[in-house]
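Colleague: Let me begin by handing over the structure; questions about it come next.
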Amino acid sequence: MEKQEFEEIHNCVIKLRVKPERRREKVYIGCGAGFGGDRPMAALKLLQRVEQLNYLVLECLAERTLADRFQIMLSGGHGYDSRISDWMRLLLPLAVERGTCIITNMGAMDPPGAQEKVLEIATSLGLSVRVAVTHEVSIKESGSGPSTEKSYIMEGPAAAEEEFYLEPKGISTYLGAAPIVECLEKYKPNVIITSRVADAALFLAPMVYELGWNWNDFDQLAQGSLAGHLLECGCQLTGGYFMHPGDKYRNISFQHLLDISLPYAEVSCDGEVFVAKAEGSGGVLNFSTCAQQLLYEIGDPGAYVTPDVVNWMHI
């Protein structure tokens, strides 16, 4: 089936949503990966054990891996994460069966290429899926800025070619949650593939979409962004990299870590957040692990800046 003519290009100015619909009172979002080298089996275990998951986010892109992909692409290789085939072969059957949408930034420098690969894998599995893409493009026209967003959908067993515009020298901009929300609104996809999107925004987007938030609901956006920040690094939240001095759980046994669970969150429409791990799994999730992850990669807790909102933390 050929690509549907839904392709749109926008600038990065966020506009208020028109009468956003509240689709759920609560949404369940899991982290299936926290970096490019994570193991797909851990994501499958979370999907198997937490049946209520509405979304599974695979956060597999960082500044280093983005630069690596650009260099590989210039050498004739794939501009997207080549491991996406392994991930989708393992996760797609159960995700489609459960109605769990997968959101991932494994598109890196070539999200359209990743989209075609996912459709190829789905076809080999006998699945019919809708795969949406949103990524940055460079528009070389008078009056157009260098940073724009491009979104479209493909579905069915085959993929058509799509021209992909790159910034000079591989320059990339952190996109926020808005283009992912747009994909969810317009296309109702099984999979969303992005280029460089801020880590927390990958998780915030389904909250905005499902819970009826708008871009001026700052308290809810702040809560959602912090929830995304807690989840984004995977098992760092559930004890996999726990370094809190003096805590009784600091020296977790090796045996207990063998079955460590990736985290997930239950988020309510008022912004209330509960983070959890799969029942009966290893690792630990407590105040100390959350506090450690909350401060991770934040230069100033008084101004945690994302493309969607600037958070002020009172600790």
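The values are calculated or read from the model by the stated rules, or taken from the named source; none is laboratory data. All values reported here derive from a predicted model rather than from experimental measurement. As a convention, Cβ positions derive from the backbone with ideal geometry for all residues, glycine included, and neighbour counts pool all protein chains shown.
Colleague: Can you name the number of the only condition in (1) without any contact (Cβ under 8 Å) to a residue 40 or more places away in the chain; (2) closer than 29 Å to Ile260 by Cα; (3) buried (at least 21 other Cβ atoms within 10 Å of the Cβ) that Glu63 fails?
Modeller: Going through the list (1) without any contact (Cβ under 8 Å) to a residue 40 or more places away in the chain; (2) closer than 29 Å to Ile260 by Cα; (3) buried (at least 21 other Cβ atoms within 10 Å of the Cβ), Glu63 breaks only (3).
Colleague: Of the residues that sit in segment 251-265 and are at pLDDT 85 or above and buried (at least 16 other Cβ atoms within 10 Å of the Cβ), which one is nearest to Gly240 (Cα to Cα)? Break it down into steps so the answer makes sense when it comes.
Modeller: Applying the first criterion (at pLDDT 85 or above) to segment 251-265 yields 259-265.
Add one more test, that the residue is buried (at least 16 other Cβ atoms within 10 Å of the Cβ), and what stays is 260-265.
Working: Ile260: 7, Ser261: 9, Leu262: 9, Pro263: 11, Tyr264: 15, Ala265: 17 Å.
In this case the residue turns out to be Ile260.
Colleague: While we're looking at this one, here's another question. Within segment 72-79, does at least one residue satisfy the condition of being in a loop (DSSP other than H, G, I, E, B), within 16 Å of the chain's Cα centre (by Cα) and surrounded by 16 or more Cβ atoms within 10 Å (Cβ to Cβ)? Show your work before the answer.
Modeller: Step one: of segment 72-79, the residues in a loop (DSSP other than H, G, I, E, B) are 75-79.
The next check asks that each one be within 16 Å of the chain's Cα centre (by Cα); those that pass are none.
The answer is no, given that none of the residues of segment 72-79 is in a loop (DSSP other than H, G, I, E, B), within 16 Å of the chain's Cα centre (by Cα) and surrounded by 16 or more Cβ atoms within 10 Å (Cβ to Cβ).
Colleague: OK, next. Out of (1) closer than 19 Å to Val197 by Cα; (2) in contact with a helix residue (DSSP H, G or I) (Cβ under 9 Å, 6 or more places away or on another chain), what's the single condition that is false for Val305?
Modeller: Result: Val305 passes all but (2).
Colleague: Take the residues in segment 300-315 that are surrounded by fewer than 18 Cβ atoms within 10 Å (Cβ to Cβ) and closer than 27 Å to Tyr249 by Cβ; name whichever of them is modelled with the highest pLDDT. Give the steps one after another, and end with the answer.
Modeller: Residues of segment 300-315 surrounded by fewer than 18 Cβ atoms within 10 Å (Cβ to Cβ): 300-303, 305, 310, 312-315.
Adding the requirement that they be closer than 27 Å to Tyr249 by Cβ leaves 301, 313-315.
Numbers: Pro301: 81, Met313: 69, His314: 62, Ile315: 56.
The extreme case among them is Pro301.
Colleague: Can I ask one more? Is segment 25-44 home to any residue that is surrounded by fewer than 13 Cβ atoms within 10 Å (Cβ to Cβ), outside any loop (DSSP other than H, G, I, E, B) and among the hydrophobic types (A, V, I, L, M, F, W, C)?
Modeller: Yes; the residues of segment 25-44 include at least one that is surrounded by fewer than 13 Cβ atoms within 10 Å (Cβ to Cβ), outside any loop (DSSP other than H, G, I, E, B) and among the hydrophobic types (A, V, I, L, M, F, W, C).
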